[in-house]
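Asks: Here it is, the structure, as structure tokens.
None of the figures in this text is laboratory data; all of them are computed from the coordinates on show. Small disclaimer: the values here were computed from a predicted structure and weren't measured. Cβ atoms come from the backbone with ideal geometry, glycine included; neighbour counts cover every protein chain shown.
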Amino acid sequence: MIRRPNPLQWLRYAFGGRLPESLHDWVRHDLTDADWLLRGLLRVCVQIAIPVIGVFFLPGPLSIRVMTAALIVLGALFVGAAYGDELRLHRLRQHGLPPPPRRD
């Protein structure tokens, strides 16, 4: 059974931090399993939660705040999906793990 990070470790990992070597099997699984991109997009959602919530505390019409929040969410998800492979390779290198085999 693969040891999972605790909630604080996962939060640190979601914001780009390294996990201890004892969790490298979990990191490898997280970044190479079939649904790695979906988990990457979930981490993007965690990263943008504070700015999106903050937008709703700004003055102005609600419609403008909703559209601003939507722009932040859509933009971040687009970048996360478009650069998912590069972000994944960076994460693997960060933890000293080999890249997954390339599919042609």
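Asks: Determine how many Å³ per residue the convex hull of the Cα atoms of segment 59-99 encloses.
Replies: Working: hull volume 2.5 nm³, N = 41.
In segment 59-99, the Cα convex hull volume per residue is 61 Å³.
Asks: Right, another one. If neighbour count is taken as other Cβ atoms inside 10 Å, put His24, His29 in order from fewest to most. Walk me through the intermediate numbers first.
Replies: Details: His24 16, His29 13.
Ranked by crowding around the Cβ, least crowded first: His29, His24.
Asks: Next question, about the same structure. Along Cα→Cβ, 7 Å out, is where each label goes; now give me the distance between the ones at Leu74 and Leu62 in nm to one decimal.
Replies: 2.1 nm
Asks: In addition: Taking neighbour counts of Cβ atoms within 10 Å as a proxy for exposure, in what order, fewest first, do Phe15, Phe57 appear?
Replies: Values: Phe15 10, Phe57 7.
The fewest-first ordering by Cβ neighbours comes to Phe57, Phe15.
Asks: Taking 7 Å along the Cα-to-C-beta vector as the label spot, tell me the Leu97-Leu41 distance in nanometres, rounded to one decimal.
Replies: Distance between label points: 2.1 nm.
Asks: Reported to two decimal places, what Rg/Rh ratio describes the chain when computed on Cα atoms with Rh from the Kirkwood expression? Don't skip to the end; give the middle numbers.
Replies: On the way: Rg = 16.2 Å, Rh = 15.2 Å.
Computed over Cα atoms, the ratio is 1.06.
Asks: With runs of 4+ DSSP H residues as the only contributors, calculate the mean residue ellipticity of the chain at 222 nm using -39,500 (n - 2.57) per run, divided by the residue total and rounded to the nearest 500. Present the calculation step by step, with values, prior to reporting the outcome.
Replies: Values: 5 runs with 69 residues, N = 104.
Result for the chain: -21500 deg cm²/dmol, rounded to the nearest 500.
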